[in-house]
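The values are calculated or read from the model by the stated rules, or taken from the named source; none is laboratory data. Predicted model only: the values in this text are computed from it and were never measured. In this analysis, Cβ positions are derived from the backbone assuming ideal geometry, glycine residues included, and neighbour counts consider all displayed protein chains. Side chains are part of the model used for accessible areas, which takes the heavy atoms of the whole protein and leaves out ligands, DNA and RNA. Shrake-Rupley method; radii C 1.70, N 1.55, O 1.52, S 1.80 Å.
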Amino acid sequence: MTCFAPGFGDIGGPETVMNDWQVYQEKSMRGGLAFTEEKLRYMLEDGFECVEFRAMKSMEEHEACFGVPFLWATLWRKKNS
């Protein structure tokens, strides 16, 4: 899974930090929502085991792979019920 990490508004990530209530109130995510590592783990820990959690590696435009530092790159495995 990939998603925005907080604190990178100056280089392409979300520029504002909003909580859930503000999103519902304003009916807008203003271009995207960023999540802290703690928030993502909290939201996913009941159903999934975290295999890997890291900042995405930044890649140059000429490289074959995409990579920007304002995204989390995570891998989760569904827990056995």
Requested in this report: Looking only at region 13-33, count how many residues are out of contact with any Gly (no Cβ under 6 Å at 6 or more places or on another chain) and either open to solvent by 100 Å² or more (accessible area, probe 1.4 Å) or closer than 19 Å to V68 by Cβ (or both).
Outcome: 12
Requested in this report: Give the residue that is least open to solvent (accessible area, probe 1.4 Å), with candidates limited to residues of region 58-81 that are in contact with a strand residue (DSSP E or B) (Cβ under 9 Å, 6 or more places away or on another chain) and farther than 13 Å from F4 by Cα.
Outcome: W76
